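Undergrad: Take a look at this one; I'll ask things after.
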Amino acid sequence: MISRAWLIPILPLAASLVILFFGREREDSPLPFVGIAAIGASLWIALRILFDVALGTLALPYENDWSWFSFAADLKGHPFILDMRAGVLVDGAAAAMLAVVCLVSLLVQVYSLGYMRGDAKFKRYFAYMSFFTASMLGLVVSNNLLVTFGCWELVGVSSYLLIGFWFEREAPAYAAKKAFITTKLGDLGFFLALLLTFLYAGSFNIVRVKDVVEMGYMPPFVVTLIGLGLLSGAAGKSAQAPLFIWLPDAMEGPTPVSALIHAATMVAAGIYLVARCYFVFAASPLAMETVAWAGLVTAFLAATMALVPYDIKRVLAFSTVSQLGFMMCALGVGGYTAGLFHLTTHAFFKALLFLCAGSVIHAVHTNDMRSMGGLSKRMPLTFLTMVVGAAAISGIPPLAGFYSKDLILEKVFEHSPAMFGVLALTACLTAFYTFRMLFLTFWGDGRNNERVSRAEESQAVMTIPLLILAALSLVSGWALEHAWAASPGAAGPGAFASLVGPGVAAAEHGATGAARHVNPTVLAASVTAGACCFIALAYSLYCGPDLGAAERLKARFLPVFKLLENRWGFDAFFLALVDIADRVADLAKWVDTEVIDKVFVDGWGVLTRIAAEISHLFDALFVDQAVDGCGYLSRDWVGAGLRGLIARGQVQEYLLYLAVGVSLFAIMK
Amino acid sequence: MTLSHYVALGSILFIIGVFGALTRRSVIGILMSVELMFNAANINLAAFNRYLHPTGVTGQAFALFIMTVAAAEVVVGLALVLAIYRRRDKIYMEDINLMRG
């Protein structure tokens with residue numbers, strides 16, 4: 001089955017083309033099932049690969065590639081043929097990621113059948129979804145960094161199309177542009193890293209680049225530059241500080257799109273890229289430390305920003321940014337396994353939370369949590385699944401988030417207790433804002449009875465994905481941590497580590513060489529206790545029939561709230577940057593039209609005309625006269641003389657010339 | 001009688017023709033000289049045919065054609081001469097110089 005790995009991204013791609021180019025746009029178009037079938041087939045292949053690994057019948061990494069293009073190159077006078085190959089590289093992380101992406105995408109698409117029913121662009125939506133998934137899967141399996149980059153950009157394009165899906169309205173169009181341009185800003189770094197990689201490694205093949213880096217053939221500062229470039233790309237895609245500004249606005253897209261972006265396809269790409277190129281970071285302590293700090297700052301800032309908004313999707317957006325910060329921080333401190341583990345579990349519970357939010361929004365037709373409240377009775381299934389999601393993200397044992405977050409905190413504590421402090425606080429804040437959202441939405445009757453009383457539970461096509469995701473959120477942490485421990489391929493506890501670990505065991509070991517001794521149980525218990533305290537705090541503030549307590553708190557700490565609502569001024573900062581760029585552009589335009597056009601271009605034109613006039617005069621006075629003179633000389637002087645001498649009209653003279661001529665030729669033989 | 005004799009005769013006739021064409025004032029004389037040159041050529045044709053290809057008659061046949069063409073040419077030439085004479089009352093070559101440059 002592993003030999004069919006290349007089919008995994010190809011199937012959804014083909015499906016997207018089929019959906020896009022065949023059939024008519026109808027409300028009950030059957031074409032979405034093509035996309036669902038394709039992603040289902042991909043999921044089946046991915047799961048078979050995972051099972052083969054679990055049973056020990058398949059050894060990863062698996063690599064297979066085909067010639068893509070080749071060209072003649074020259075290196076210091078030695079010509080050679082450079083054969084660019086593209087193909088698949090499936091290591092443990094990729095195998096896990098493939099399964100997660102396929103699974104989440106499948107569930108989201110099934111859910112979308114209900115959510116998008118009746119939309120005027122029903123068919124196109126599913127074409128984009130399949131294309132989005134295909135891009136992400138291509139990014140995951142590619143063994144060629146250039147192809148990875150291509151898929152990376154395709155992910156950007158698809159997200160642009162889907163965030164701006166309702167482009168008739170101004171806000172989604174703006175949000176799509178913002179997302180696209182902001183991520184491009186980060187991609188500049190990625191592109192630079194690619195150029196440096198090819199310059200120093202002479203190849204885009206990940207395994208070969210890894211060899212070059214690990215053998216130490218690359219100067220250390222170049223490795224650091226590549227690492228920072230990759231981090232810049234990852235920061236754009238995965239919404240790390242300070243490029244996270246696009247993610248909250250990306251909420252303007254349809255909610256299942258948000259679920260897909262946040263759980264599996266888009267933001268996971270950045271984390272995955274850092275994990276895929278982990279050898280670069282392992283070789284550069286500076287880049288590694290930068291990753292850790294970027295993640296830490298992002299996690300904390302985003303968590304604080306998630307405390308204040310009343311838009312349910314915005315809370316989830318900030319929460320995603322924060323969780324991505326966790327993963328990034330984990331990768332930065334050497335917790336390769338921890339970061340990927342959290343990426344996997346987070347995909348499940350974040351998709352769950354988003355789809356629950358979508359279900360709620362679908363029922364009450366608003367994003368504003370102040371207009372909700374008391375929905376637990378109207379939508380019991382959504383309520384129960386969302387409780388599971390919230391508990392999972394808050395790290396309540398034994399749900400998925402507990403295991404992964406615990407692993408991250410452990411790694412961070414080994415690295416630096418100060419960072420652990422910040423991150424533990426962030427974890428508690430996570431619990432607070434998640435349950436604040438939950439309480440605002442489902443508890444507290446009577447805030448807006450009209451909307452709530454008309455709300456109904458969503459249809460089965462939407463609730464079944466919720467139930468599946470809830471089940472995964474319940475057990476995936478425990479299952480990934482323990483279930484495979486007994487399988488032949490795994491040794492000891494930490495089955496997920498044995499899946500993704502082997503490829504990077506050395507790097508991970510090196511990074512945590514000076515490990516502090518820590519009792520994981522104490523750590524986990526204390527963080528969980530903290531989270532529970534914050535949940536209780538959220539209960540006391542947001543659970544009443546009105547928001548009196550919360551409003552009083554807000555009035556008391558108004559400047560803090562304002563700062564958080566303004567997202568620590570990041571948006572303002574970037575807008576100021578754009579403003580400065582605008583001014584520079586205005587100045588440049590003024591220089592262009594007033595100085596360059598008027599002085600240089602027009603001046604040059606005047607000079608040219610003057611030169612042309614001089615040239616014309618010279619032409620008329622000297623050249624033309626010389627030509628005319630030559631003509632006159634040959635016609636009226638030489639010609640007239642010759643005519644008088646030879647051409648006298650006497651036929652016999654002409655005959656004589658002829659006879660003499662012929663005789664001369666005869667004599668000369 | 002060898003080929004050389006015939007060729008010599010042809011050459012002498014031709015040179016006489018050329019001399020006449022170059023020196024006669026009267027157009028009639030020039031026409032007659034041209035006829036001489038034609039006949040020199042005819043003699044050559046017949047002689048070469050007789051000595052180089054005794055079995056063939058190509059040269060003789062060719063000579064006959066030339067005589068025919070020469071006759072036709074003389075008709076045209078005499079018509080021209082007649083037309084010029086009617087117009088100018090004299091047919092001296094030095095007076096016919098319309099092609100002077």
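The values are calculated or read from the model by the stated rules, or taken from the named source; none is laboratory data. All figures in this text were calculated on a predicted structure; none of them were measured in a lab. Virtual Cβ from ideal backbone geometry, glycine too; neighbours counted across all protein chains shown. Only protein heavy atoms, including side chains, enter the accessible area calculation; ligands, DNA and RNA are left aside. Shrake-Rupley method; radii C 1.70, N 1.55, O 1.52, S 1.80 Å.
Undergrad: From the phi of every residue in the stretch A:151-161, what ³J(HN,Hα) in whole Hz does the Karplus formula 6.51 cos²θ - 1.76 cosθ + 1.60 yield, where θ is phi - 60° and glycine or proline is x?
TA: Ordered by residue, 3J(HN,Hα) equals 4, 3, 5, 5, 4, x, 4, 4, 5, 4, 5 Hz.
Undergrad: Kirkwood hydrodynamic radius for the protein assembly as shown: how many Å is it when counted over pairs of different Cα atoms?
TA: 32.7 Å
Undergrad: With the dipole of the stretch B:3-94 worked out from charges on the C-beta (+1 for Lys and Arg, -1 for Asp and Glu) around the Cα centre, which of B:His5, B:Val81, B:Ser33 lies farthest toward the positive end?
TA: B:Val81
Undergrad: For the pair A:His78 and B:Met32, how long in nm is the line joining their label points, each one 7 Å along Cα→Cβ?
TA: That separation, rounded to one decimal, is 10.0 nm.
Undergrad: Let me ask something else. Let me understand the stretch A:47-87 better: what is its radius of gyration from the alpha carbons, and its Dmax, in angstrom?
TA: Answer for the stretch A:47-87, Rg first and Dmax second: 17.7, 51 Å.
Undergrad: Of B:Asn42, B:Ile16, B:Ala61, whose Cα points farthest to the positive end of the dipole of the stretch B:3-94 (charges on the beta-carbon: +1 Lys, Arg; -1 Asp, Glu; origin at the Cα centre)?
TA: Ranked along the dipole, the leading option is B:Ile16.
Undergrad: Using only the alpha carbon atoms of the stretch A:143-191, find the Kirkwood hydrodynamic radius as the inverse mean reciprocal pair distance, in angstroms to one decimal.
TA: Taking every pair of different Cα atoms in the stretch A:143-191, averaging 1/r and inverting gives 11.3 Å.
Undergrad: Suppose R0 equals 22 Å; then what is the FRET efficiency for A:Asp119 and A:Ala171 from their Cβ-Cβ distance, rounded to the nearest 0.05?
TA: 0.80
Undergrad: Return the average number of partner chain Cβ atoms within 10 angstrom of each residue Cβ along peptide A:648-655.
TA: 6
Undergrad: Give me the number: length gained by fully extending A:Met668 to A:Asp619, i.e. 0.36 nm times residue separation minus the C-alpha to C-alpha distance, one decimal in nm.
TA: That works out to 12.9 nm of additional length.
Undergrad: So, with +1 on the Cβ of K and R and -1 on the Cβ of D and E, and no other charges, what is the size of the charge dipole of the stretch B:3-94 about its Cα centre, to the nearest 20 debye?
TA: Magnitude of the dipole: close to 260 debye.
Undergrad: Which chymotrypsin sites (Phe, Trp or Tyr not before Pro) in the stretch A:1-32 sit in a loop by DSSP (not H, G, I, E or B) and have at most 16 other Cβ atoms within 10 Å of their own Cβ?
TA: Loop-located and lightly packed - A:Phe22.
Undergrad: In whole Å, how far is the Cα centre of the stretch A:264-300 from that of the stretch A:40-60?
TA: 27 Å
Undergrad: If the convex hull of the alpha-carbon atoms of the stretch A:555-633 is projected onto planes in all directions, what is the mean projected area in square nanometres?
TA: Reported value for the Cα convex hull: 7.8 nm².
Undergrad: Next up: Students often forget the sequence filter, so: which aspartates and glutamates lie under 17 Å Cα-Cα from A:Lys554 once same-chain residues fewer than 8 apart are removed?
TA: Answer for A:Lys554, where 17 Å is the Cα cut-off: A:Asp311, A:Asp546, A:Glu565, listed by chain and number.
Undergrad: Towards the positive end of the charge dipole of chain A, with charges on Cβ (+1 Lys, Arg; -1 Asp, Glu), say which of A:Phe191, A:Phe22, A:Leu307 has the farthest Cα.
TA: It is A:Leu307, whose Cα lies furthest towards the positive end.
Undergrad: Separation between the A:Ala555 and A:Ala647 pseudo-spin-labels, each 7 Å from Cα along Cα→Cβ, expressed in nm?
TA: Calculated label separation equals 11.8 nm.
Undergrad: Counting only the backbone N, which residues of the stretch B:13-57 are under 17 Å from the spot 7 Å out from the Cα of B:Leu82 toward its beta-carbon?
TA: Once the point is set 7 Å along Cα→Cβ of B:Leu82, B:27-29, B:31-32 turn out to lie under 17 Å by backbone N, inside the stretch B:13-57.
Undergrad: Another question, then. Considering Cα pairs under 8 angstrom that are at least six residues apart, work out the relative contact order of the stretch A:283-441 and quote it in whole percent.
TA: 29 percent
Undergrad: How much FRET efficiency would the formula 1/(1 + (r/R0)^6) give for A:Ala585 and A:Val638, where r is the Cβ-Cβ distance and R0 is 56 Å, rounded to 0.05?
TA: Rounded to the nearest 0.05, the efficiency is 0.20.
Undergrad: Report, in debye and to the nearest 20, how large the dipole of the stretch A:330-432 comes out about its Cα centre when Lys and Arg carry +1 and Asp and Glu carry -1 on their Cβ.
TA: 360 debye
Undergrad: Something else: Let me have the relative contact order for chain A, percent, based on Cα pairs under 8 Å that are six or more residues apart.
TA: Normalised by residue count, the contact order of chain A is 12 percent.
Undergrad: Okay, next question. Quickly work out the A:Glu63-to-A:Ser453 label distance, labels modelled 7 Å from Cα along the C-beta direction, and quote it in nm with one decimal.
TA: Distance between label points: 6.7 nm.
Undergrad: Per residue Cα convex hull volume for the stretch B:3-94, in cubic angstrom?
TA: 59 Å³
Undergrad: Can you pull out the GluC sites (Glu not before Pro) in the stretch A:369-478 that DSSP calls coil and that have at most 11 other Cβ atoms within 10 Å?
TA: Here the sparse-neighbourhood loop sites are A:Glu456.
Undergrad: Something else now. Classify the stretch A:1-151 as rounded, prolate or oblate from the Cα gyration tensor: take a ≥ b ≥ c as the square roots of its eigenvalues, call it rounded if a/c is under 1.5, otherwise prolate when a/b beats b/c and oblate if not.
TA: oblate
Undergrad: Could I ask something else about it? Please express the shape of the stretch A:259-309 as an equivalent ellipsoid: the semi-axes are the square roots of 5 times the eigenvalues of the C-alpha gyration tensor, given largest first in whole angstrom.
TA: In descending order the semi-axes read 24, 17, 4 Å.
Undergrad: Rounded to the nearest 10 Å², what accessible area does A:Leu384 have for a 1.4 Å probe in the complete protein model?
TA: 100 Å²
Undergrad: Within 10 Å, count the other beta carbons around each residue, average over each peptide in A:280-290, A:551-561, B:10-20, A:230-240, and list them highest first.
TA: Put in order of decreasing packing, that is A:230-240, A:280-290, B:10-20, A:551-561.
Undergrad: Moving to a separate point now. Straight-line reach only, C-alpha to C-alpha below 19 angstrom: list the lysines that A:Lys184 could link to, leaving out same-chain residues fewer than 8 apart.
TA: A:Lys184 reaches A:Lys237.
Undergrad: Roughly how big is the B-A contact, given as buried accessible area in Å² (both sides, 1.4 Å probe, nearest 100)?
TA: It comes to approximately 900 Å² buried between B and A.
Undergrad: Using θ = phi - 60° and the Karplus curve 6.51 cos²θ - 1.76 cosθ + 1.60, what whole-Hz ³J(HN,Hα) does each residue of the stretch A:554-565 get, with Gly and Pro shown as x?
TA: 5, 4, 6, 10, 4, x, 5, 4, 4, 4, 5, 5
Undergrad: Using unit Cβ charges (K, R positive; D, E negative) and no other charged atoms, how large, in debye to the nearest 20, is the dipole of the protein assembly as shown about its Cα centre?
TA: In total the dipole reaches around 1040 debye.
Undergrad: Now for a different question. Please list B:Arg100, A:Arg370 from largest to smallest accessible area, probe radius 1.4 Å, with all protein chains kept in place.
TA: B:Arg100, A:Arg370
Undergrad: While we're on this one: Using Cα-Cα distances under 8 Å and only pairs 6 or more residues apart, what relative contact order does the stretch B:3-94 have, in percent?
TA: Rounded, it is 30 percent for the stretch B:3-94.
Undergrad: Would you calculate, for chain A, the mean residue ellipticity at 222 nm contributed by helices, counting each DSSP H stretch of 4 or more residues as -39,500 (n - 2.57) and dividing by all residues, to the nearest 500?
TA: -23000 deg cm²/dmol
Undergrad: Provide the gained length on full extension for the span A:Tyr539 to A:Asp602, in nm with one decimal, where the gain is 0.36 nm per separating residue minus the Cα-Cα distance.
TA: Length gained, A:Tyr539 through A:Asp602: 15.4 nm.
Undergrad: A further question on this structure: For chain A, what is the accessible area per residue in Å² when the probe is 1.4 Å?
TA: In whole numbers, chain A has 43 Å² accessible per residue.
Undergrad: Over the protein assembly as shown, with every protein chain in place, what whole percent of the accessible area is carbon and sulfur at 1.4 Å, could you tell me?
TA: About 70 percent, which is the carbon plus sulfur part of the accessible surface.
Undergrad: Can you list residues from other chains, or at least 5 along the same chain, whose modelled amide H is less than 5 Å from the amide H of A:Asn205?
TA: Here A:Leu145 satisfy the definition.
Undergrad: Kindly provide the trypsin sites (Lys or Arg not before Pro) of the stretch A:589-664 that DSSP labels as loop, not H, G, I, E or B, and whose Cβ sees at most 16 other Cβ atoms within 10 Å.
TA: For trypsin sites (Lys or Arg not before Pro) across the stretch A:589-664 that sit outside H, G, I, E and B with at most 16 neighbouring Cβ atoms in 10 Å, the list reads A:Arg648.
Undergrad: Go through the stretch A:416-432 residue by residue and turn each phi into a ³J(HN,Hα) via Karplus (6.51, -1.76, 1.60, θ = phi - 60°); whole Hz please, and just put x for glycine and proline.
TA: These are the phi-based 3J(HN,Hα) values: 7, x, 5, 4, 4, x, 4, 5, 5, 4, 4, 4, 5, 4, 4, 4, 4 Hz.
Undergrad: Let me ask something additional. Amide H of A:Trp68 versus every other amide H placed in the peptide plane: which residues, excluding those fewer than 5 positions away on the same chain, fall under 5 Å?
TA: A:Met84, A:Arg85, A:Ala86
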